[in-house]
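**Student:** My questions will all concern the structure given below.
The values are calculated or read from the model by the stated rules, or taken from the named source; none is laboratory data. On a predicted model such as this, the values are computed, not experimentally measured, just so you know. Glycine also receives a Cβ, built like all others from the backbone with ideal geometry; neighbour counts cover every protein chain displayed. These accessible areas exclude ligands, DNA and RNA; they are computed on the full protein's heavy atoms, side chains included. Shrake-Rupley method; radii C 1.70, N 1.55, O 1.52, S 1.80 Å.
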Amino acid sequence: ARQPVSFALAMNAPDKNRAATLLNFLDASAKAKGELGKLPSDYIKEVEEKHGLPIRDKLLSEIHSIMVIQPRQQELPKDAKPMPMLVLHMADAATAAAWEELLPKLVSVIAGDSVAQPAMEQMGDIKVWSLPGTGLPWKSAVHYARCDTVLVVGQDRKLVAAAAVPDAMSSVLSDKALSLPSGELALVGTASVGDLLMMIDIPKSIIVGIPFDSPA
């Protein structure tokens, strides 16, 4: 995760019930950002049925960890809804490539359209693929990039390319070592309290103690 971010959360996937745990985590993240209609688990099930792919039984089970990143700033089209970036760490490069091939099918189901051919742009050593945002609830294109066993998905192609490769100096931790608690680790992250408060729609009457229809 590169600076600056509003929050960045990483979760290690357990060995047991890995697919269900990851889907619950993605569903909870989607709910936290507001109602978007169907949840990620609904779309995964629909892609499985439509294209006959073993996503829950195979592809989800090969994800070792997942990171959800909310960049503080993204280059987005007008009226687009900012969504978190996803960074998936796979068991091997072949699984990451399989997820790369899956994304056009998944996006087409979300958009309610036919499978689109992604466009590619070379950004340094990273190939960033892009799918149009037509019909998508967040009203922006989907960009994704793969580097070995890592797959990054987001709305800003530059941030996607940057997140695909590690860089200690520009990461949210900078060059500081991260001290983790002992024992099995499930979730770790960092957050800007100020940014999180700005995301919450607090009624004016709660803030200043006056009715909504009273003059400011």
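**Student:** Around S6, which amide H atoms from residues at least 5 apart in sequence, or from another chain, sit under 5 Å from its own amide H, with H modelled in the peptide plane?
**Tutor:** Q70, R72
**Student:** Please give me the summed charge of the neighbours of A97: other residues whose Cβ is under 13 Å from its Cβ, Lys and Arg +1, Asp and Glu -1.
**Tutor:** Values: positive: K127, R146; negative: E62, D92, E100, E101, D148.
So the surrounding residues net to -3.
**Student:** Based on the alpha-carbon set only, what is the convex hull volume of segment 10-140 divided per residue, in Å³?
**Tutor:** Dividing the Cα hull volume of segment 10-140 by its residue count gives 126 Å³.
**Student:** Additional query: Quick one: how many lysine pairs does segment 7-68 have with C-alpha atoms less than 21 Å apart and a gap of 8 or more or different chains? Give me the count, please.
**Tutor:** Lysine pairs meeting the criterion: 6.
**Student:** What shape does segment 40-85 take by its C-alpha gyration tensor, where a ≥ b ≥ c are the square roots of the eigenvalues and a/c under 1.5 counts as rounded, a/b above b/c as prolate, and the rest as oblate? Each step should come with its number before you reach the end.
**Tutor:** Details: a/c = 4.13, a/b = 1.77, b/c = 2.34.
Oblate, because a/c is 1.5 or more while a/b does not exceed b/c.
**Student:** How high is the FRET efficiency between Q122 and K16 when r is their beta carbon distance and R₀ equals 45 Å, given to the nearest 0.05?
**Tutor:** Efficiency at R0 = 45 Å is approximately 0.65.
**Student:** Something else now. Restricting to DSSP loop positions (anything but H, G, I, E, B) with no more than 11 other Cβ atoms inside 10 Å of their own Cβ, which chymotrypsin sites (Phe, Trp or Tyr not before Pro) remain in segment 117-169?
**Tutor:** Passing both the DSSP loop test and the Cβ count: no residue.
**Student:** When the expected Rg is taken as 2.2 N^0.38 Å, what fraction or multiple of it is the alpha-carbon Rg of segment 88-133?
**Tutor:** 1.26
**Student:** Sticking with this structure for a sec: Pop out the carbon and sulfur fraction of the accessible area of segment 77-132 as a percent, whole number, probe 1.4 Å.
**Tutor:** 55
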